[in-house]
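*Asks:* After the structure tokens below, expect a handful of questions from me.
The values are calculated or read from the model by the stated rules, or taken from the named source; none is laboratory data. Note that the structure is a prediction, hence the values are computed from the model and not measured. All Cβ positions, even for glycine, are placed from backbone atoms using ideal geometry, and neighbour counts span all protein chains on display. The accessibility values were calculated without ligands, DNA or RNA, using every heavy atom of the protein model including side chains. Shrake-Rupley method; radii C 1.70, N 1.55, O 1.52, S 1.80 Å.
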Amino acid sequence: MAFVFYCIFVAVAVVADQITKYLTVANIPLHGDVPAIDGLFHFTYVQNTGAAWSMMSGMRWLFVALFVVLTALVLFEYFKKPMPFSKFERWCIAAIYAGGLGNIIDRICLGYVVDMIEVDFMSFPVFNVADCFITCGTIALLVSLFFFNKQFWKDEKKQ
């Protein structure tokens, strides 16, 4: 039953990501700039064919292959060999997966990822809502695993 809730969360997150990307493409010209909160961030429409800072630009096949592997690992872990993840950690994994799915939809349908959020207070690549899900989910998962889930790090051979 929990798996259904994770799937609903992923679907809602992907829809939110795709709506923001649609609104960006419909309302901001390519490389256009729309102020949001002065000194914090503004919107800039960018077509990204790579990862952050356009690393691995043009390697769409690699991103698709990695996402297929991620999908297989998530399904295998959940249904065949469950690991000692807490419920919170499973929600983090769902957030990471949702972000990856949102970006892979762009890569397959458009050949690039629509990015639109640019921070003003530091030099950082333009990113999107899916990237926020990936980043926040990853940070929360790592913090939870390192500080709160001692069961995850137990060596099964010692038991």
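*Asks:* Kirkwood hydrodynamic radius, the range 5-68, all distinct C-alpha pairs: what's the number in Å?
*Replies:* 14.1 Å
*Asks:* Using +1 at the Cβ of each Lys and Arg and -1 at the Cβ of each Asp and Glu in the chain, identify which of VAL46, ILE104, THR71 lies farthest towards the dipole's positive end.
*Replies:* It is THR71.
*Asks:* Can you pull the accessible area of PHE41 for me, 1.4 Å probe, Å² to the nearest 10?
*Replies:* Counting only protein heavy atoms, PHE41 exposes about 50 Å² to solvent.
*Asks:* Can you compute the equivalent ellipsoid semi-axes for the range 66-136, i.e. the square root of 5 times each eigenvalue of the Cα gyration tensor, sorted largest first and rounded to whole Å?
*Replies:* 27, 16, 7
*Asks:* If you don't mind, another one. Among TRP91, TRP153, TRP61, what's the order by accessible area (1.4 angstrom probe), most exposed first?
*Replies:* Most to least solvent-accessible, the answer reads TRP61, TRP153, TRP91.
*Asks:* Here is a further query. Whole percent per 5 Å bin, from 0 to the bin with the longest distance: what is P(r) over all C-alpha pairs of the range 100-159?
*Replies:* 4, 15, 15, 16, 14, 12, 9, 8, 4, 3, 0
*Asks:* Under a 1.4 angstrom probe, counting protein chains only, how are TYR45, TYR97 ranked by accessible area, largest first?
*Replies:* The most accessible residue leads, giving TYR97, TYR45.
*Asks:* How many percent of the accessible area of the chain is carbon or sulfur, using a 1.4 Å probe? If you can, show how the numbers build up before the last one.
*Replies:* On the way: 7240 of 9940 Å².
Answer for the chain: carbon and sulfur cover 73 percent of the accessible area.
*Asks:* Moving on. Heavy-atom accessible area of THR49 with all protein chains present, probe 1.4 Å, nearest 10 Å²?
*Replies:* Taking all protein chains as shown, THR49 has close to 50 Å².
*Asks:* Let me ask something else about it. Can you give me the relative contact order of the range 1-108 as a percent, contacts being Cα pairs under 8 Å and 6 or more apart?
*Replies:* Working: 73 pairs, mean separation 36.1, N = 108.
About 33 percent, as a whole number.
*Asks:* Under a 1.4 Å probe, what is the accessible area of the range 95-151 per residue, stated in Å²?
*Replies:* On the way: 2730 Å² over 57 residues.
Per-residue value: 48 Å².
*Asks:* Looking at the chain, do any whole DSSP H helices span at least 20 angstrom along their long axis by alpha carbon and average 1.6 or above on Kyte-Doolittle, and which?
*Replies:* Length and hydropathy pass: 60-79, 129-147.
*Asks:* With every protein chain in place, what's the accessible area of PHE146 (1.4 Å probe, Å², nearest 10)?
*Replies:* 120 Å²
*Asks:* Please compute one quarter of the surface area of the Cα convex hull for the chain and express it in square nanometres. Please list the in-between numbers first.
*Replies:* Numbers: hull surface 44.8 nm².
Taking a quarter of the hull surface, the average projection is 11.2 nm².
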